[in-house]
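**Student:** Here it is: the structure, laid out below.
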Amino acid sequence: MRTIQHWIAGSETTGASTRFGPVYNPATGAQQAQVALAEPSDVDAAVQAAKKAFDEWRDVSLIRRARIMFALRDLVERHLDQLSGILADEHGKVFSDAKGEVIRGMEVVEYACGIPALLKGEYSEQVSTDVDAYSFRQPLGVCAGITPFNFPAMVPMWMHPLAIATGNTFILKPSERDPSASNFMAQLYADAGLPEGVFNVVHGDKAAVDAILDHPGIAAVSFVGSTPIARYVHQRASANGKRVQALGGAKNHAVVLPDADIEFAANHITAAGYGSAGQRCMAISAVVAVGGAGDALVAKLRDKARDVKVGPGREKASEMGPVVTPEARDRIIGYVGRGVGAGATLVVDGRGLVVDGHEDGFFVGPCLFDHVTTGMDIYRDEIFGPVLVVLRAGTFGEAIDIVNANPYGNGTAIFTSSGQAAKRFQRNVQVGMIGINVPIPVPMAFYSFGGWKDSLFGDTHVHGPEGIRFYTRAKAITSRWPDTDYADHHRAHMHFPTAT
């Protein structure tokens, strides 16, 4: 059995690990590897390597850091198919979806290539007589990222390129369900010329997470995952004096108005709801059909859900792959049963799907519910699977109220041909990322990603300008170089200093 090891100080090691977790191929159901699960001493070894590397890395010139990021970007592009194949084999997503994930992560690396401009400070001459003021930003030290299974390449790349480009060193704790992409990225960093210890990977479960949250040598923690764990990470790491950004779960709504192009909306909602088997924090999982849009929309969604081609990620014909584990499959199936029991109309039932030649794979077909109410578990909970629910709203205002009453505030979308309605929607919904006729409004890398309410703990979003600010802290300098020929240059006053 192949063992996936940690990457510490520039090489792979099992360290002190004596426990191992299974890594499956979700399309076949077979275990393909085992991953070492870190002990606290492994986390400490990574911290010590990162601390040692930080002493030199923080002083590396911005130009050299940028050149390493350019080299990394080229290596990611060169190995795009290989990295995408790793995602397809361990996560289960189809190959085209995996490629899209890597490319979106690579965009953050491209943003980090501009670090000489992104770290430019400010300078003001003569803020007072013979006094100048200026500011700049400096790295924090050792930073850590704890990332989920659903985007094993992209979400870590939301974090480590900016942390490293700004002069920090980094420890990544990826999901133990699909860990290989992180080690592959560590090798690409080494090939790009990154010094040993600047980027480290520690695999593990809760023991590794807690060791990161508690370690005094780690200055900042970035997290993406479920809301309960995001809240836990934020509270525990903050209590230990760390800077924290913790992105939680989602229940993303698509509001469809009667004036929308129903065919267009149904196509994009189907892709946004069932892409990656619904295992996206930006997936559309709830549709609010307004007024007369409901019946026509549900009919279109029904036909399109039935046409989704479900199969293994490596097959070109596949549009949707399996879910990540048998436990995930069983949990999703359980939610479908609860929806039926609660009185929702099951329009498309994806339970019991069997893919020829992959009978042991973790497959669930697209599921579609109609006449769902806000009190049902299939609406309130983040199912994280290919389950799309449709609610009915009598008015546009009622639809906005439904979105705003939900505890999550990650992403939302509206489908309409009315600019006035779109403007009203974007101003009034209490959600961090909004799409107008765009179902998955993930911002480009030069903007920042993050939601509101129970979808974010801490006040800083990831990547983009907020990512630069998160991984650095500002210094403001006020300087005077007195003219020694000026007779009054020694004079000082006892009052609080004011500008003159």
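The values are calculated or read from the model by the stated rules, or taken from the named source; none is laboratory data. Everything quoted here is computed from the prediction, not taken from an experiment. Quick reminder, even Gly has a Cβ in these numbers, built from the backbone with ideal geometry, and neighbours come from all protein chains shown. Note: areas computed on protein heavy atoms with side chains; ligands, DNA, RNA excluded. Shrake-Rupley method; radii C 1.70, N 1.55, O 1.52, S 1.80 Å.
**Student:** Within the stretch 69-104, count every residue that is buried (at least 16 other Cβ atoms within 10 Å of the Cβ) and either in contact with a Cys (Cβ under 6 Å, 6 or more places away or on another chain) or charged (D, E, K, R) (or both).
**Tutor:** Total satisfying the criteria: 9.
**Student:** Further, regarding this structure: For the stretch 298-321, enumerate the residues that are over 19 Å from L388 (Cβ atoms) and aliphatic (A, V, I, L, M).
**Tutor:** Scanning the stretch 298-321 gives a single hit, A317.
**Student:** Name the residues in the stretch 50-98 that are touching a Pro at 6+ places or on another chain (Cβ under 6 Å) and charged (D, E, K, R), would you?
**Tutor:** Within the stretch 50-98, just R58 meets the criteria.
**Student:** When you check V340 against the structure, is it in contact with a strand residue (DSSP E or B) (Cβ under 6 Å, 6 or more places away or on another chain), assigned to a helix (DSSP H, G or I) and surrounded by fewer than 17 Cβ atoms within 10 Å (Cβ to Cβ), yes or no?
**Tutor:** yes
**Student:** Within the stretch 115-136, can you find the residues that are closer than 23 Å to P161 by Cβ and open to solvent by 30 Å² or more (accessible area, probe 1.4 Å)?
**Tutor:** P116, A117, L118, K120, G121, F136
**Student:** Go through the stretch 374-398 and give me each residue that's more than 27 Å from the chain's Cα centre (by Cα) and either crowded, with 22+ Cβ neighbours inside 10 Å or modelled with pLDDT under 95 (or both).
**Tutor:** If the condition is that a residue be more than 27 Å from the chain's Cα centre (by Cα) and either crowded, with 22+ Cβ neighbours inside 10 Å or modelled with pLDDT under 95 (or both), then L391 is the only one that fits.
**Student:** Here is a further query. List, please: which pairs have Cβ atoms under 7 Å, are six or more places apart or on different chains, and start with a residue in the stretch 201-222 that is free of Cβ contacts under 8 Å to residues at least 40 places away in the same chain and end with one that is open to solvent by less than 20 Å² (accessible area, probe 1.4 Å) and of a type outside the set (S, T, Y)?
**Tutor:** Between residues of the stretch 201-222 that are free of Cβ contacts under 8 Å to residues at least 40 places away in the same chain and residues that are open to solvent by less than 20 Å² (accessible area, probe 1.4 Å) and of a type outside the set (S, T, Y), the close pairs are L213/V221; L213/V233; L213/A237.
**Student:** Taking the conditions exactly as written (acidic (D, E) and either touching an Asp or Glu at 6+ places or on another chain (Cβ under 9 Å) or under 14 Å from N428 (Cβ atoms) (or both)), does E398 satisfy them or not?
**Tutor:** yes
**Student:** For the stretch 106-119, indicate whether the set of residues that are on the phi > 0 side of the Ramachandran plot and among the charged types (D, E, K, R) is non-empty.
**Tutor:** Among the residues of the stretch 106-119, not one is on the phi > 0 side of the Ramachandran plot and among the charged types (D, E, K, R), which makes the answer no.
**Student:** Here's another thing I want to ask about it. Criterion first (open to solvent by less than 60 Å² (accessible area, probe 1.4 Å), within 23 Å of the chain's Cα centre (by Cα) and in contact (Cβ under 8 Å) with a residue 40 or more places away in the chain) does V60 satisfy it?
**Tutor:** So V60 does not fit the description; no.
**Student:** Let me ask something else about it. Restricting attention to the stretch 429-450, which residues are part of a loop (DSSP other than H, G, I, E, B) and either of a type in the set (K, R) or within 16 Å of H461 (Cβ to Cβ) (or both)?
**Tutor:** Q430, V431, G432, P441, V442, P443, M444, A445, F446, Y447, S448, G450
**Student:** Let me ask something additional. Condition first: in a loop (DSSP other than H, G, I, E, B), touching a strand residue (DSSP E or B) at 6+ places or on another chain (Cβ under 8 Å) and not aromatic (F, W, Y). Can you find one or more residues in the stretch 462-475 that meet it?
**Tutor:** Yes, there is a match, as at least one residue in the stretch 462-475 is in a loop (DSSP other than H, G, I, E, B), touching a strand residue (DSSP E or B) at 6+ places or on another chain (Cβ under 8 Å) and not aromatic (F, W, Y).
**Student:** Hey, any hits in the stretch 256-265 for a residue that's of a type outside the set (K, R), touching a strand residue (DSSP E or B) at 6+ places or on another chain (Cβ under 6 Å), assigned to a strand (DSSP E or B) and open to solvent by 10 Å² or more (accessible area, probe 1.4 Å)?
**Tutor:** Scanning the stretch 256-265 turns up no residue that is of a type outside the set (K, R), touching a strand residue (DSSP E or B) at 6+ places or on another chain (Cβ under 6 Å), assigned to a strand (DSSP E or B) and open to solvent by 10 Å² or more (accessible area, probe 1.4 Å).
**Student:** For I332, work out the one condition from (1) assigned to a loop (DSSP other than H, G, I, E, B); (2) surrounded by 22 or more Cβ atoms within 10 Å (Cβ to Cβ) it doesn't fulfil.
**Tutor:** All conditions pass for I332, except number (1).
Okay, residues lined up against (1) of a type in the set (K, R); (2) touching a Ser or Thr at 6+ places or on another chain (Cβ under 8 Å); (3) touching a residue at least 24 places away in the same chain (Cβ under 8 Å):
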| residue | (1), (2), (3) |
| --- | --- |
| Y232 | no, no, no |
| Q245 | no, yes, yes |
| P258 | no, no, yes |
| I262 | no, no, yes |
| A265 | no, no, yes |
| A271 | no, no, yes |
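**Student:** Next question, about the same structure. Give the stretch 294-329 a look and list any residue that's outside any helix (DSSP H, G or I), open to solvent by less than 10 Å² (accessible area, probe 1.4 Å) and among the hydrophobic types (A, V, I, L, M, F, W, C), or say none.
**Tutor:** Scanning the stretch 294-329 gives M320, V323, V324.
**Student:** Quick one: which of A342, A293, A286 is touching a residue at least 24 places away in the same chain (Cβ under 8 Å), under 26 Å from the mean Cα position of the chain (by Cα) and closer than 21 Å to I402 by Cα?
**Tutor:** Matching residue, one of A342, A293, A286: A286.
**Student:** Another question about this same structure. Mind counting the residues in the stretch 20-38 that are in contact with a strand residue (DSSP E or B) (Cβ under 8 Å, 6 or more places away or on another chain) and in contact (Cβ under 8 Å) with a residue 60 or more places away in the chain?
**Tutor:** 10
**Student:** Looking at this structure, is H253 open to solvent by 10 Å² or more (accessible area, probe 1.4 Å) and closer than 23 Å to G409 by Cα?
**Tutor:** The answer is no for H253.
**Student:** Still on this model: Could you list, in sequence order, the residues of the stretch 15-43 that are outside any strand (DSSP E or B) and surrounded by fewer than 17 Cβ atoms within 10 Å (Cβ to Cβ)?
**Tutor:** A16, T18, P40, S41
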